[in-house]
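Below is one structure; the comments refer to it alone.
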């Protein structure tokens, strides 16, 4: 789905964005007819209100969008999108009221109101189009919106139509669109090429496990993105209860976010050498499923004791991270819907991340605020290293005790990266209820913050 601005060559309605405290001052400068219309309509400037004011012949003269109060806007990601969703179909241009420092963010939120996942049933996204205001980078905003739509589509698609085969096809389609190269190692070839953990986790499924690799760009810093592609997670032999399986179609959210970020990078021609690695599997139950108590040897040679087959995401990521590290990139970023512990720690709205690089963490924190993509740094807490060392093997994939689950998972993954600069995101990738600019369902978390921060982190 392409989300874009309205054509500036066609007539558009001027839109005045008015906060509640500013309504009276704005009304003083209007004609008696306009003031009477606003008063009669009950428009107060509350967030989400929208009003079309007609001329004497009935055609639109202007539109108003309620912007609420500053305290309310602080609780919303895209406040203007709430009014955009209420405006009637048509084309609008912002005439006043949006501060310059949030104009680009509000434009992005507006474009995202046009998203709908309509593969299986007709949906009704907002129909109000927006002409790109002067001073914003329309190309960049459209690239962000279209990448977000890709991520949402991938996460929203159920496992019946988004298994490893289809995830591979999505990566290949993206590669073809931007002239990238895409290659895949599938099934028993994973063993031949030393990706034993990816093979083990996915071998019980009807669709063969695989490692998808996409490369793009031939100049600049080397950036490798690794995304968890568990297209459905039953929990394996440690079978999840029914309620816990309800959202497992989104267990490939890491790969969806990585592909969204890759799309942004390629669309905006960021000067990097990009490599994307996606271990794509389904964690199923069958006679050849891996078992609790198994000890597995990874690509890196580290052995892993399996104490819970439902902690499979870190296993497939381990082999992919080892491969990523072998390429000696300047930065590796992994993204995964990895632990419920991350949700307990920061909830669904924040994207927690781990890194040992203080300057990169600071850049990401600033970028998250600027891009309306909030992130929160979590610690690689060294004293917890002993929690992932079971004694019988080098590593434990599911430490007992239940404490610090997101941290121990991140520490586990870090064992498969050497001296390379590394960041890990433990995301949720799901919007539980509709919000302005964010439909219920799949969600991008982290890519906009990363895109904004990468020039500083990589010295571009």
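The values are calculated or read from the model by the stated rules, or taken from the named source; none is laboratory data. In this text the structure is predicted, and so the values were computed from the model without any measurement. Positions of Cβ are generated from backbone atoms using ideal geometry, with glycine treated the same way; all protein chains shown enter the neighbour counts.
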Point to revise | Unmet criterion (only one of (1) touching a strand residue (DSSP E or B) at 6+ places or on another chain (Cβ under 9 Å); (2) within 16 Å of residue 264 (Cα to Cα); (3) assigned to a helix (DSSP H, G or I)) for residue 223 | key: (3)
Check your understanding: Which number in (1) within 24 Å of residue 431 (Cβ to Cβ); (2) surrounded by 16 or more Cβ atoms within 10 Å (Cβ to Cβ) marks the one condition that residue 74 misses?
Key -> (2)
Review point. Which residue, of 132, 138, 147, is over 23 Å from the mean Cα position of the chain (by Cα), outside the structural domain of residue 17 (by TED's automatic domain parsing) and within 20 Å of residue 448 (Cα to Cα)?
Key: 132
Point to revise | Options 111, 150, 130: the member that is in contact with a strand residue (DSSP E or B) (Cβ under 8 Å, 6 or more places away or on another chain), at pLDDT 95 or above and within 18 Å of residue 444 (Cα to Cα) | key: 111
Review point. Quick check: is even one residue across region 224-238 more than 26 Å from the chain's Cα centre (by Cα), over 18 Å from residue 169 (Cα atoms), surrounded by fewer than 23 Cβ atoms within 10 Å (Cβ to Cβ) and touching a residue at least 12 places away in the same chain (Cβ under 8 Å)?
Key: yes
Revision key, fill the gap. Considering only helices (runs of 4 or more DSSP H) wholly within region 156-211, the ones with at least 1 residues that are without any contact (Cβ under 8 Å) to a residue 60 or more places away in the chain and either surrounded by fewer than 21 Cβ atoms within 10 Å (Cβ to Cβ) or in contact with a strand residue (DSSP E or B) (Cβ under 7 Å, 6 or more places away or on another chain) (or both) are 164-178, 189-192
Practice item. With respect to residue 385, determine if the residue is under 23 Å from residue 275 (Cα atoms), without any contact (Cβ under 8 Å) to a residue 40 or more places away in the chain and more than 22 Å from the chain's Cα centre (by Cα). Key: no
Exercise for review: Restricting attention to region 284-320, report how many residues are within 23 Å of the chain's Cα centre (by Cα) and assigned to a loop (DSSP other than H, G, I, E, B).
Suggested key: 3
Exercise for review: State whether the residues of region 421-437 include one that is part of a helix (DSSP H, G or I) and under 14 Å from the mean Cα position of the chain (by Cα).
Suggested key: no
Point to revise | Condition check for residue 243: in a helix (DSSP H, G or I), out of contact with any strand residue (DSSP E or B) (no Cβ under 8 Å at 6 or more places or on another chain) and more than 25 Å from residue 331 (Cα to Cα) | key: yes
